[in-house]
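Heads up: the structure comes next, in structure tokens.
The values are calculated or read from the model by the stated rules, or taken from the named source; none is laboratory data. Worth saying up front: this structure is predicted, and the values here are computed from it rather than measured. All Cβ positions, glycine included, derive from the backbone under ideal geometry; neighbour counts span all protein chains shown. These area figures cover heavy atoms from the full protein model, side chains too; ligands, DNA and RNA do not enter into them. Shrake-Rupley method; radii C 1.70, N 1.55, O 1.52, S 1.80 Å.
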Amino acid sequence: MDTSVNEHYRRLLQLPTPWRVTAVEENLLGQRVTIRLTWPEGAAAVCPVCGQACRVYDRMEERGWRHLSIMQYLLELRCAVPRCECPEHGVKTVAVPWAEPGSRFTTMFEVFAVQVIAACRSLSQAAELLRLHWDAVQRILERAVQRGLARRSPEGLRYVGLDEKSFGRGQDYVSLMTDLVGQRVLEVVPGRDIGSGLALWESLPEPQRQRIEAAAMDMGAAGADRP
Ligand SMILES: [Zn+2]
């Protein structure tokens, strides 16, 4: 068994072959660990559109993804992602197993961040716990909504939650609708008044609303304004 540090982290990250960990760098003062990943030279890449094996065309500039922390250290994965040349689809950036295209966070980090956001009263509190700027928290929420929309199946939704979150100095609010079973964020709208509650509710297509069995509401202002 290969017990090198690199192989140890490759296993912990559950990286499929032939992805490799080429370095694990620690910056104790900066409270950071960086793991460098690579698609080995000579290995055929996979077209992200059709899945067929094709040659590596070139590599993108190295970039980073924030991952779940390791002990008290922030963990970043870094990689120069290859682009492949598919005879059918041309030059495409290879899909990486740890993140969705375009995200600066790993999928596991995004899922955790959404759970933290859901558990916190305010977005700034979530941002603090996650050690993120609140812009990043907003982006993570937007992406979670996109994922929720992509996976929203008409028969899947039974119980939804409507929640308000403050951000900034507690004067601004967003309202969230979540799928209480699937733990998905379904929609985010500004404000926390009855209009926000309605906007959330109306973001669901009518046939879906018909199937909702219960909605848990935790929106103070909306509750007070209810007729
Ligand atoms: Zn292709």
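Is one or more of the residues making up the range 36-44 closer than 16 Å to Ala99 by Cα, touching a residue at least 24 places away in the same chain (Cβ under 8 Å) and surrounded by fewer than 12 Cβ atoms within 10 Å (Cβ to Cβ)?
Step one: list which residues in the range 36-44 are closer than 16 Å to Ala99 by Cα, which gives 36-39.
Keeping just the survivors that are touching a residue at least 24 places away in the same chain (Cβ under 8 Å) gives 36-39.
Narrowing further to those that are surrounded by fewer than 12 Cβ atoms within 10 Å (Cβ to Cβ): none.
No: the range 36-44 contains no residue that is closer than 16 Å to Ala99 by Cα, touching a residue at least 24 places away in the same chain (Cβ under 8 Å) and surrounded by fewer than 12 Cβ atoms within 10 Å (Cβ to Cβ).
Do any strands (runs of 3 or more DSSP E) entirely within the range 52-166 hold 2 or more residues that are open to solvent by less than 30 Å² (accessible area, probe 1.4 Å), and if so, which?
Once the strands (runs of 3 or more DSSP E) in the range 52-166 are filtered for at least 2 residues that are open to solvent by less than 30 Å² (accessible area, probe 1.4 Å), what remains is 63-70, 73-79, 82-86.
I need a count of the residues in the range 208-226 that are at pLDDT below 75 and open to solvent by less than 60 Å² (accessible area, probe 1.4 Å).
Number satisfying all stated conditions: 4.
For the range 1-41, give me the residue count where each residue is among the basic types (Lys, Arg) and either in contact with a helix residue (DSSP H, G or I) (Cβ under 8 Å, 6 or more places away or on another chain) or under 18 Å from Ala80 (Cα atoms) (or both). Write out each step before concluding.
Narrowing the range 1-41 to residues among the basic types (Lys, Arg): 10-11, 20, 32, 36.
Restricting the remaining residues to those that are either in contact with a helix residue (DSSP H, G or I) (Cβ under 8 Å, 6 or more places away or on another chain) or under 18 Å from Ala80 (Cα atoms) (or both) gives 10, 20, 36.
Number satisfying all stated conditions: 3.
Do you know which of the residues in the range 2-40 that are under 19 Å from Gln72 (Cβ atoms) and part of a strand (DSSP E or B) is nearest to the ligand (Cβ to nearest atom)?
If we take residues in the range 2-40 being under 19 Å from Gln72 (Cβ atoms) and part of a strand (DSSP E or B), then Ile35 is nearest to the ligand (Cβ to nearest atom).
Tell me the residue from Ala43, Ala53 that is farther than 24 Å from Leu130 by Cα and within 16 Å of the ligand (Cβ to nearest atom), please.
Answer to the check: Ala53.
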